[in-house]
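A short worksheet on the structure shown next.
Each value in this text was obtained by applying a stated rule to the coordinates, not by laboratory testing. The structure presented is a predicted model; accordingly, all values stated were derived computationally and were not measured. Cβ: placed from backbone, ideal geometry, glycine included. Neighbour counts: every protein chain shown.
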């Protein structure tokens, strides 16, 4: 749902509800999509009409009501309002959960494997859950006893109710998924009393010993996630501790024999030696800078670790580089040509820490938010003004995309660009501003996907191609619409798996499907090279 991929497994003889559609394997159930693999040819029988498209060669076909017909693997089915793919024939085996080794992962669920014993019988059960989610109850019968178990967060009821009236998400200019802030307008009801409140990053709702603050939000931006804490005694103990700390500090300042008083007497002896005081101030300044620099270094190290962990194999990246895109001027070129231009123009380099241009562009497509903070925008050595405006050290050669925006999402260079672009004879200072602005915009188009115009619009007389974010503005219909909207999320999901196990067969398959779509509807076929 929502353009994201979900993997489901169905055992032989089992019936399950996936996204409000019943599926059955080797066990005919009326009203379900029945899959049968017991004969020589696997079949599919559906209770409603639909269609499918084989992604390898764009072959399309119809699914008729209640008629068993051959099941097409690696084909995109559209049945009952759901889109799904059967990637491979059924196989015998056991579905098991294994750790991904990342114990800081807050996205995927935990799997709790339990052995339940009663008398002489023992059975194993796996419970899925995580912090902030309700556990799904699972029942198991062992011996003469039936157990219902679940794993997840415990539900607490507050003495009041909160209703969301409006959720507001503010984004950085020209971005789709880069949020500068988000806030919730809520209505609190406590018996007969009702009042409105505005919750945002540093504006917390405190009521009856509960503190509600903005934590996250739903992907569709229609729901909010508020974190709730309630610790009456802990809060007051903390306040008392702050008071005692403040009182002690004041006492130290005025106690005659304290360390502070001793330092005060010593400072009075050297108050005329301003040079020494200057040295002390300088040391404090350098210490603060070193701490800040160390924090930034740690952040960049974590981002580089993520990029290196999910680095795409060079061979597959080269295949991705053979896809064709249409640039902003309408010219057709291989992705490889654009990715090379991107890296050279933005960073003045041909690679980034062992990644070639195609690998860099693929990584940006997969993890744009990580690349916001990567220092890769080259700034002229002679222009310290730009560095001062965006807030980076004067000796720093490269800047990150995020450095060019303030905390409210405003573009820091905007007020300097009007004059720089309008002047007939720009000086070097103005040229540097224009050049830097072009680099930021080029990188922006790569990070937000607008430059990756890989989908030709069928039948368009001007041979217009669009990117994934632009698909909603086109009139692409039917299975072509389903294919273009689903293939990128499916491909990126398969790519993430491939970088983990080094098996690119599935990712290659989806990449081949994109190229076949390009060949089918693109007019300038001379640009195509086989992936």
Distance (nanometres) between label positions extended 7 Å along Cα→Cβ at residue 94 and residue 145: 2.4 nm
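Would you please put 62-74, 144-156, 317-329 in order of how densely packed they are, using the mean number of other Cβ atoms within 10 angstrom per residue and starting with the highest? Spell out each step's value before the answer.
Values: 62-74: 13.6, 144-156: 11.6, 317-329: 18.6.
Packing proxy ranking, top to bottom: 317-329, 62-74, 144-156.
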Rounded if a/c under 1.5, otherwise prolate or oblate - segment 293-515, Cα gyration tensor axes: oblate
Cα gyration tensor category, rounded, prolate or oblate, for segment 1-160 with a/c compared to 1.5: prolate
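Taking Cα pairs under 8 Å and at least six residues apart, what relative contact order does segment 161-230 come out at, in percent? It would help to have the intermediate numbers written out before the result.
Numbers: 134 pairs, mean separation 16.9, N = 70.
Relative contact order of segment 161-230: 24 percent.
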Label-point separation in nm, residue 406 to residue 16, each point 7 Å along Cα→Cβ: 5.2 nm
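Quick one: in segment 15-85, what % of C-alpha pairs are over 18 Å apart? Spell out each step's value before the answer.
Numbers: 813 of 2485 pairs.
Of all Cα-Cα distances in segment 15-85, 33 percent exceed 18 Å.
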10 Å-binned pair-distance histogram of segment 342-470 (Cα, whole percent): 11, 38, 31, 16, 3, 0
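Report the FRET efficiency, 1/(1 + (r/R0)^6), for residue 112 and residue 30, where r is their Cβ-Cβ distance and R0 is 41 Å, rounded to 0.05. Present the calculation step by step, with values, prior to reporting the outcome.
Numbers: r = 36 Å, r/R0 = 0.88.
Result of the calculation: an efficiency of 0.70.
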Residue 185 versus residue 134: modelled label distance in nm, points set 7 Å from Cα along the beta carbon direction: 2.9 nm
Between segment 62-96 and segment 297-374, the alpha-carbon center distance in angstrom: 35 Å
Relative packing of 182-190, 446-454, which averages over residues the other C-beta atoms within 10 Å, highest first: 446-454, 182-190
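Per-residue counts of other Cβ atoms within 10 Å, averaged by peptide: what ranking do you get for 45-52, 128-135, highest first? Please report the intermediate quantities before stating the final value.
On the way: 45-52: 17.8, 128-135: 13.9.
Descending packing order for the listed peptides: 45-52, 128-135.
Relative contact order of segment 293-515: what whole-number percent is it, with Cα pairs under 8 angstrom and at least 6 residues apart? Kindly include the intermediate steps, with their values, before the conclusion.
Working: 261 pairs, mean separation 42.0, N = 223.
Reported as a whole number, the value is 19 percent.
Rg(Cα) of segment 98-155 divided by 2.2 N^0.38 Å?
On the way: Rg = 13.4 Å, N = 58, 2.2 N^0.38 = 10.3 Å.
In units of the globular-protein estimate, segment 98-155 measures up at 1.30.
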